[in-house]
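Reading through the structure tokens given below for one structure.
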Amino acid sequence: MKIISEQLIRSLDILPSTCVKWVYDSFSMKKDAQLPVKNSVHPDDGEFFTSMPCLLPPPIRTNVKGVNNQFKRQYFGVKVVHRLLKAVPSLGSDLMLYDSEKGELLALVDADWITTMRTGAVAAISSKVLRKKDAKTYGFIGLGNTARATLLCILEQEPNRHFNVQLARYKNQAEKFIERFAAYPNVSFDIVDSVVEMAHGVDVFISCITNAQELLVPDEKVFQSGVTVIPVHMRGLQNCDVTFDRVFGDDTAHVQGFKTFHQWKDFNEIGEVLAGRDPGRCSDEQRIIDYNYGLGLHDVVFAAKIYELLEDIKIPEVLIVKEKEKFWV
């Protein structure tokens, strides 16, 4: 069993544009994957351990144009993500990756980088396919790693498009955020003091606040027509659900338990838009909110891609000695 650390993953210098491609690949195989709803336990208020299993479809052995599932084997993986008040950092995740035909545990993977980058890539893709045609201004609140990953993927999936980005002021995070993107010529920044002011003025509103306890924009009417709202961590914008024209999500089973689900006007999965079976935005006046709950599908695809990139590289392993014949107790 290989031990794949975050440092080892980062040494591969995987580009944000590659992460975007891997997310497209994972959505393309979603209908053929087995993707149970994630399951959580809660040691205390605000804490959780969540398990996220996924069985990828078998690889297609022939080189078929347009088919992305060109893995060397069939993979099963389960990611366990936690948020614990006494943990440092409070959020963390690990993933076990298996050869699903042989039952062999191939790797134990530090999944923190995977979680961050696949989350950012999904948000970037959603913002691109759901925004109105002349969208120019993006707004970000919550300026941690998830927001950085999202903007990295946005900028690198469209390097020839210029983005005006508004940042909600919080301590010195906005200034540090701008410093991080100093080398990118296709973005300019403004810092705003009011989230409501931002909501009124942007074409795409992205919240990366990890644990919003209250509504971020109490009166959803301030969002202009044609806005696309993406609550990356799900909370804080629920008042948009029942009034916006369309609602999207990454998987129906993962969001159908939401309290207002049956009141949503027009719902579909974002993968249907990527596959061309749903137009997504039907007019530049529609207000759209997109809930990407976070799928083990993306985690396992990323882990499998990384595993195959590392397969011929000597890295730390743990020898697991298994009985080769049935044993009796």
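The values are calculated or read from the model by the stated rules, or taken from the named source; none is laboratory data. A quick note: this is a predicted structure, and the numbers were derived from the prediction, not measured. Positions of Cβ are generated from backbone atoms using ideal geometry, with glycine treated the same way; all protein chains shown enter the neighbour counts.
Couple of notes before you dig in:
- Within the range 148-168, the set of residues being out of contact with any Gly (no Cβ under 9 Å at 6 or more places or on another chain) and either part of a helix (DSSP H, G or I) or crowded, with 17+ Cβ neighbours inside 10 Å (or both) comprises Leu155, Glu156, Gln157, Phe163.
- Flag for Phe27 being of a type outside the set (S, T, N, Q) and touching a helix residue (DSSP H, G or I) at 6+ places or on another chain (Cβ under 6 Å): yes
- Filter result for Val20 (out of contact with any Gly (no Cβ under 8 Å at 6 or more places or on another chain) and exposed (fewer than 13 other Cβ atoms within 10 Å of the Cβ)): no
- The helices (runs of 4 or more DSSP H) located wholly in the range 233-329 that include 1 or more residues which are in contact (Cβ under 8 Å) with a residue 24 or more places away in the chain and touching a Cys at 6+ places or on another chain (Cβ under 6 Å) occupy 296-310.
- Residue match in the range 47-55 (condition: within 27 Å of Thr146 (Cβ to Cβ) and at pLDDT below 95): yes
- Annotation: Lys79 fulfils all but one of (1) free of Cβ contacts under 8 Å to residues at least 40 places away in the same chain; (2) among the basic types (Lys, Arg); (3) crowded, with 20+ Cβ neighbours inside 10 Å; the unmet one is (1).
Residues checked against (1) more than 22 Å from Glu156 (Cβ to Cβ); (2) in a helix (DSSP H, G or I); (3) touching a strand residue (DSSP E or B) at 6+ places or on another chain (Cβ under 6 Å); (4) not assigned by TED's automatic domain parsing to the domain that holds Gly77:
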| position | (1), (2), (3), (4) |
| --- | --- |
| Ile9 | no, yes, no, no |
| Asp25 | no, yes, no, no |
| Lys31 | yes, yes, no, no |
| Val37 | yes, no, no, no |
| Pro43 | yes, no, no, no |
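- A single entry from Val129, Val122, Val109 fulfils the requirement of being of a type in the set (A, V, I, L, M, F, W, C), farther than 22 Å from Ile191 by Cβ and surrounded by fewer than 22 Cβ atoms within 10 Å (Cβ to Cβ): Val129.
- Residue in the range 254-277 that is within 20 Å of Ala212 (Cα to Cα), basic (Lys, Arg), out of contact with any strand residue (DSSP E or B) (no Cβ under 8 Å at 6 or more places or on another chain) and surrounded by fewer than 16 Cβ atoms within 10 Å (Cβ to Cβ) present: yes
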